[in-house]
Amino acid sequence: MSRAPFLGQLRLLGIAAMLAASYTADASDHLDTPTVIADPAADIGDLFAWTSSDGRRLNLVMTIVAHRFSDRLQYVFHIDSGRKLGKTTASTSIVCLFDAANQVECWAGDADYARGDASKPLGLEGQNRRFRVFAGLRDDPFFNNVKGTRSAMGKVAGALQSGIDVDVADCPSLDKATSRELFDLWRHTDGGPPKNTLAGWKAASLVISIDLDVVNAGGDLLAVWANVYKP
């Protein structure tokens, strides 16, 4: 799931997308397609965007399912700005490339440029000090009992195959006994306590903190989205 919350006085709309060759997919996909299964470094996990507490900077985070960034892909934040919802009039792109040693090279439009090691906690500051970039592994909490969820979904699928009734919205009509079993499956992993299947998972994270006046030329309403491009 991609998230870009509305925070402070600056309204943010977040959309994460993956673009590889001629294939496009709206929102993040988490290994849902053959394209990103073949190359998890092209798979956007989440997109986050929020303004700093002083209202001067826009903070951006793109997480990648892989444990490192690819030197064959471009990682891009797009920030469109305007004064009315759906009517943006200016756009800024922050483009980041990585080499084989995972050294980063980023451009923030024509405003600033950075190149080097961005894996330290404080990241790497641009030459004109208009943005700062961090790139490295970070914990990616995902509080989900995946196996329990799949067991519950399998129970519903079995009921549908058995010819269970559905309502006008095509939702299955489960009896009380089946519903109780469904919730029991959801609360357990392989019959035992529920487990977060992705506990300890770390994702490659690209973090940008940039001056707002670099990205809001069209107005204070920002639409933030991200792409991974395969040349």
Hey, fewest Cβ within 10 Å first, where do D140, D213 land in order? D213, D140
So the compactness index of segment 121-231, its C-alpha Rg divided by 2.2 N^0.38 Å, takes the value 1.76
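Between K195 and S179, what is 0.36 nm times their sequence separation minus the Cα-Cα distance? Round to one decimal in nm.
Details: separation 16, 0.36 × 16 = 5.76 nm, distance 2.11 nm.
Full extension of this stretch gives 3.6 nm more.
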Using a 10 Å cut-off around each Cβ, can you sort C96, C106 from fewest to most neighbouring Cβ atoms? C96, C106
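Restricting to DSSP loop positions (anything but H, G, I, E, B) with no more than 13 other Cβ atoms inside 10 Å of their own Cβ, which trypsin sites (Lys or Arg not before Pro) remain in segment 167-231?
Working: sites: K176, R180, R187, K195, K202; in loops: R187, K195.
Sparse-neighbourhood loop trypsin sites (Lys or Arg not before Pro): R187.
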Which of the three applies to segment 146-186, rounded, prolate or oblate, going by the alpha-carbon gyration tensor with a ≥ b ≥ c and a/c under 1.5 meaning rounded? prolate
State the extension gain, in nm to one decimal, for the chain segment bounded by D165 and K230, taking 0.36 nm per residue of separation less the distance between their alpha-carbons. 18.8 nm
Tell me which lysines have Cα within less than 18 Å of K195's Cα, excluding those fewer than 8 residues away on the same chain? K147
Using a cut-off of under 12 Å, list every residue of segment 58-78 whose amide N is near the label point 7 Å from the Cα of V95 along the Cα-to-beta-carbon line. 74-77
Extension gain R56-D139, at 0.36 nm per residue separation less the Cα-Cα distance, in nm? 27.2 nm
What aspartates and glutamates could a cross-link reach from K176, if we take a straight Cα to Cα line under 18 Å and drop same-chain neighbours fewer than 8 places away? D165, D167, D184
Cα centroid distance between segment 102-127 and segment 139-198, in Å? 45
For segment 146-186, what is the relative contact order in percent, using Cα pairs closer than 8 Å and at least 6 residues apart in sequence? 54
Rounded Å value of the spacing that divides the Cα centres of segment 40-59 and segment 205-231: 8
From the P(r) of segment 35-135, can you give the percent of Cα pairs sitting at distances over 16 Å? 63
When M153, M62 are ordered from fewest to most other Cβ atoms inside 10 Å of their Cβ, what list results? M153, M62
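All of the numbers you see were taken from the coordinates with simple rules; none came from a lab. In this text, all values refer to a predicted model and were calculated from it rather than measured experimentally. Neighbour counts are summed over all protein chains in view; Cβ atoms, including those assigned to glycine, are modelled from backbone coordinates with ideal geometry.
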